[in-house]
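The values are calculated or read from the model by the stated rules, or taken from the named source; none is laboratory data. Just so it is clear, the structure is predicted and the values come from calculations on it, not from any experiment. Here Cβ is always computed from backbone atoms with ideal geometry, including for glycine, and neighbour counts include all displayed protein chains. Keep in mind that these areas ignore ligands, DNA and RNA; they rest on the heavy atoms of the full protein, side chains included. Shrake-Rupley method; radii C 1.70, N 1.55, O 1.52, S 1.80 Å.
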Amino acid sequence: AFLVACGVVGYMYYDRYAQRSAHKEFVEALKYHDAAVTGKKVPAHHNGIEFETDQEKWIKTAEVFKLGYNNHRRSGLASMFQAYYADALARLGKIDEAADALTDAIRSMPQKDLKEFYKVKLALLKMDNPKQAVQQEGIGELRKIADDVSNFANEAGLYYLGYYFWTQKDFDAARNYWQQLMVKYGMKEEKQQSGYADIVRLKLKVMSADW
């Protein structure tokens, strides 16, 4: 029993250390994600983190988050390393690889609400894919989110589906989804107002809707 107890304590100590180590590396990786792109050659001796071009920034960001994921696969932050890695790939135009990485990240996310919000991002990634079949898959996934009032990301689903139809100049469909958003989320007190309400209200006015 003593050996078993020691094993449990040892694991708990290791787990806490692993979580702290993962958090530290994640915070450091975010510095690359949030770094400035100056358009100027960065001196070799420069102490801060900045980049001359977007390409350089996202290549390095993808590298550090992939390394973080490989180093901390068993930590609670593994899925977030993977999600940010996917984001960097997407910004590099590697849409298929980004979608695969984000799918893996979502699969291991422990929180339901986080999963559902990232499923919106995955749907949008697929909609950016040049392959028509993948685009339609993304639209279908976004539509499911927009049609499910119990989904944590329902509001975002309604907004982005409306925005998609807006870009396609299908204004009736855009109005339909945006009016649903306003009815569900835009009629609350100002302090509880939907994050998308002001944007949607303006676009609906452009389409001569009285909101």
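State which residue is most open to solvent (accessible area, probe 1.4 Å) when the search covers only segment 60-80 and only residues that are modelled with pLDDT under 95 and of a type in the set (D, E, K, R).
Across segment 60-80, the extreme among qualifying residues is Arg74.
Any residue in segment 126-147 that is within 19 Å of Ala174 (Cα to Cα) and free of Cβ contacts under 8 Å to residues at least 24 places away in the same chain sitting within a Cβ distance under 6 Å of a residue that is outside any helix (DSSP H, G or I) and open to solvent by less than 100 Å² (accessible area, probe 1.4 Å)? List the pairs, counting only those 6 or more apart or interchain.
Final answer for the pair search is Gln135/Asn129.
I'd like to verify a number: residues in segment 151-175 that are crowded, with 22+ Cβ neighbours inside 10 Å and without any contact (Cβ under 8 Å) to a residue 24 or more places away in the chain, how many?
Total satisfying the criteria: 1.
Surrounded by 22 or more Cβ atoms within 10 Å (Cβ to Cβ) and free of Cβ contacts under 8 Å to residues at least 24 places away in the same chain - does that describe any residue in segment 45-59?
Within segment 45-59 (the criterion being surrounded by 22 or more Cβ atoms within 10 Å (Cβ to Cβ) and free of Cβ contacts under 8 Å to residues at least 24 places away in the same chain), the answer is no, since none of the residues qualifies.
Filter the helices (runs of 4 or more DSSP H) completely within segment 107-211 down to those with at least 1 residues that are modelled with pLDDT of 90 or more and under 24 Å from Leu92 (Cβ atoms). Before the answer, list the steps.
On the way: elements: 112-127, 132-147, 154-167, 171-185, 197-206.
It comes to 112-127, 132-147, 154-167.
Could you tell me which numbered condition Ala101 fails, if it satisfies all but one of (1) assigned to a helix (DSSP H, G or I); (2) at pLDDT below 95; (3) not hydroxyl-bearing (Ser, Thr, Tyr)?
Of everything listed in (1) assigned to a helix (DSSP H, G or I); (2) at pLDDT below 95; (3) not hydroxyl-bearing (Ser, Thr, Tyr), Ala101 misses just condition (2).
What pairs can you find where one residue is in segment 10-33 and at pLDDT 60 or above, the other is hydrophobic (A, V, I, L, M, F, W, C) and part of a helix (DSSP H, G or I), and their Cβ atoms are less than 6 Å apart, with a gap of 6+ or different chains?
Ala29/Val64; Ala29/Phe65; Tyr32/Val64
Considering only segment 81-115, how many residues are open to solvent by less than 50 Å² (accessible area, probe 1.4 Å), closer than 27 Å to Asp147 by Cα and touching a helix residue (DSSP H, G or I) at 6+ places or on another chain (Cβ under 7 Å)?
12
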